[in-house]
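All remarks here apply to the structure that follows.
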Amino acid sequence: MFELHAVQAAFGDCLLIKFGSPASPRFILIDGGPPDTYKFHLKPLLKQIRSSNAPLDLVVLSHVDNDHTIGLLEYFAELRTPGHSLPTPGALWHNSFTATIDPNGVIAPRLTALISPARASVMAESGLAVNGIGEGSSLRVQALALGMPMNQGFGGGLVTVDNAPAVLNFANLKVTVVGPTQANLDALEQKWIDWLDTHEPAVASGDPFVMANSDQSVPNLSSIMLLAEGDGRRMLLTGDGRSDHLLDGLAQASLLDTAGKMHVDVLKMPHHGSNRNITRKFLTKVTADVYVASANGKDDNPDLATLIWIAETAKAQGRQVQIVVTNQTPSTEKLLEEYPPTDFTYSLRVMPAGAHHIVI
């Protein structure tokens, strides 16, 4: 048995991998979504796991953005409440902002000082990054209080391609870390320093127009990205990673063929299908039977361009694919209108309204 359960997480990510056997299922949780995800959707599923006595072997926080972290904070807080009816995770994988992008401790203080509460309301992404730094630290503290092993198998260090064993085994499931690489982290650290050097004076001016424009250039955060394999099927789980970083990691892990390509059964689209994180070229190199986007239209995700690239690439390559989304959005409606499935080789599947999750 090997399934991906995409939990209703609005504009965030929350994924459950179900593996093992029908008689003895096991689970891995990746991300917890933004506010309300835990209370209304993830918690009922976790209670079902506990009631069936199925183990939750691992929780993974892909990165420290609020739309991935909040649900895990709420879950771990409830785990510390006597008499809870939730499964206790066997371990946590979590790379902090400080350890990944700010190992020298120079970025976080500058960023926190720069983005005051008033400015954060204008610089939305930067504000989320600042909050995420603190919330990532809070999750680490919660895990330590629970006595939860952290980053086991990585020598006590970061979850990276460089530190990872070739394969980590969980019953019938094999997990390979395909991102980030240490080279990716070093490059991102320099991008953050360059961004601060460029934008600190402009943002400090308090000009909303300047601040909003600065926000558009905020560097990416680093995501743990995984290849999960079970029962002859493969899934790429990408957090909010960048497609070029994913290709770097796949190459370093020797998972690309001689043409630099790879095919998987399921691709969880990076960053909710944003075309800032994925390119048409990437979609010709890494192909899938099923493409999954967890998004509700916020920030235009999934981007129409990304959906068009999938539809056009699949047709050009003669592949029948399925696009699975957690919510109907303006972009999915536009895709159906302008690129009808009858003229292309894709189908669209949408999570039913009110459902806690959709199974892939």
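The values are calculated or read from the model by the stated rules, or taken from the named source; none is laboratory data. All values derive from a computational prediction rather than experimental measurement. So basically every Cβ, Gly included, is an ideal-geometry build from the backbone, and we count neighbours across all protein chains shown.
Brief remarks on what is shown
- Look at (1) surrounded by fewer than 19 Cβ atoms within 10 Å (Cβ to Cβ); (2) in contact with a strand residue (DSSP E or B) (Cβ under 9 Å, 6 or more places away or on another chain); (3) on the phi > 0 side of the Ramachandran plot and you find that His272 fails only one, number (1).
- Residue selected from segment 131-164 under the condition under 18 Å from the mean Cα position of the chain (by Cα) and either at pLDDT 95 or above or in a loop (DSSP other than H, G, I, E, B) (or both), by the criterion farthest from Leu221 (Cα to Cα): Asn151
- Search result, residues across segment 36-67 that are at pLDDT 95 or above, closer than 20 Å to Asp13 by Cβ and either among the hydroxyl-bearing types (Ser, Thr, Tyr) or within 18 Å of the chain's Cα centre (by Cα) (or both): Asp36, Thr37, Tyr38, His41, Leu42, Leu58, Val59, Val60, Leu61, Ser62
- Candidates in segment 222-241 are the residues that are part of a loop (DSSP other than H, G, I, E, B) and in contact with a Phe, Trp or Tyr (Cβ under 9 Å, 6 or more places away or on another chain); of these, the one that is nearest to Leu173 (Cα to Cα) is Asp231.
So that you can scan it fast, the table gives a plain yes or no per residue for (1) closer than 18 Å to Leu58 by Cβ; (2) touching a residue at least 60 places away in the same chain (Cβ under 8 Å):
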site: Leu158; (1), (2): yes, yes
site: Leu168; (1), (2): yes, no
site: Val177; (1), (2): yes, yes
site: Thr181; (1), (2): no, yes
site: Asn184; (1), (2): no, yes
site: Ala187; (1), (2): no, no
site: Gln190; (1), (2): no, no
site: Asp194; (1), (2): no, no
site: Thr198; (1), (2): no, no
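- Residues (under 20 Å from the mean Cα position of the chain (by Cα) and not in a strand (DSSP E or B)) located in segment 168-184: Pro180, Thr181, Gln182, Ala183, Asn184
- Looking across segment 282-319 at every residue that is more than 17 Å from the chain's Cα centre (by Cα), hydroxyl-bearing (Ser, Thr, Tyr) and crowded, with 16+ Cβ neighbours inside 10 Å, the one that is farthest from Lys268 (Cα to Cα) is identified as Thr313.
- Restricting attention to segment 146-176 and to residues that are β-branched (Val, Ile, Thr) and in contact with a Ser or Thr (Cβ under 7 Å, 6 or more places away or on another chain), the residue that is surrounded by the fewest Cβ atoms within 10 Å (Cβ to Cβ) turns out to be Val167.
- When His356, His271 are checked against the criterion of being under 26 Å from Asp31 (Cβ atoms) and either of a type in the set (Phe, Trp, Tyr) or more than 16 Å from the chain's Cα centre (by Cα) (or both), a single residue qualifies: His356.
- Just one of the numbered conditions (1) assigned to a loop (DSSP other than H, G, I, E, B); (2) free of Cβ contacts under 8 Å to residues at least 40 places away in the same chain is not true of His63: (2).
- Selected residue (criterion: farthest from Asp31 (Cα to Cα)) from residues of segment 236-255 that are surrounded by fewer than 24 Cβ atoms within 10 Å (Cβ to Cβ) and of a type outside the set (A, V, I, L, M, F, W, C): Ser254
- Where a residue in segment 71-100 is under 14 Å from Ala143 (Cβ atoms) and modelled with pLDDT of 95 or more and its partner, wherever it lies, is in a helix (DSSP H, G or I) and of a type in the set (A, V, I, L, M, F, W, C), with Cβ under 6 Å and at least six apart: Leu72/Leu139; Leu73/Leu139; Leu92/Ala143
- Number of positions in segment 66-98 that are part of a helix (DSSP H, G or I) and in contact with a Gly (Cβ under 8 Å, 6 or more places away or on another chain): 12
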